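> Have a look at this one.
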């Protein structure tokens, strides 16, 4: 009976690891890019997202989201959320996945990010509001991301 529990635990761990890795492909993920933001971007949503960002994200990403917060690690530095470079995709769904799950660490062991996911800290709706805030201060989504979101 113990081997069944051990096998179940192993299968669950592999499935979880696969989901996290799949959710965060470097360069973007068409499946995540197609995920639509269920929280309409509005002044109220952006203000709520800003408040959540200031409470949970500014310590590393900074007040202006430049990656220069007072607790920001030096190597690697947090992402500048206002530039046009989005390592893990620029659609709302891809940004949500990085906030929710954290930024991935490459298999080779090279440290790419120390960002931990907000799953368990914020609700999904909260994360979508942070996405709306980030979108309001950062660049507009790329044309490919816009096209994928319309489908």
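The values are calculated or read from the model by the stated rules, or taken from the named source; none is laboratory data. Predicted, not measured: the structure shown is a model, and the values here were computed from it. Ideal geometry is used to build each Cβ from the backbone, glycine not excepted, and the neighbour counts take in all protein chains shown.
Per-residue answers, yes or no, for (1) under 15 Å from residue 134 (Cβ atoms); (2) at pLDDT below 95; (3) in contact with a helix residue (DSSP H, G or I) (Cβ under 6 Å, 6 or more places away or on another chain):
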position	(1), (2), (3)
32	no, yes, yes
48	yes, no, yes
62	yes, no, no
78	yes, yes, yes
104	no, yes, no
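> Further question: For the range 15-23, indicate whether the set of residues that are surrounded by 16 or more Cβ atoms within 10 Å (Cβ to Cβ), out of contact with any strand residue (DSSP E or B) (no Cβ under 6 Å at 6 or more places or on another chain) and modelled with pLDDT of 80 or more is non-empty.
No, the range 15-23 contains no residue that is surrounded by 16 or more Cβ atoms within 10 Å (Cβ to Cβ), out of contact with any strand residue (DSSP E or B) (no Cβ under 6 Å at 6 or more places or on another chain) and modelled with pLDDT of 80 or more.
> If you don't mind, there's one more thing I want to ask. Of the residues 86, 100, which is part of a loop (DSSP other than H, G, I, E, B) and surrounded by 15 or more Cβ atoms within 10 Å (Cβ to Cβ)?
86
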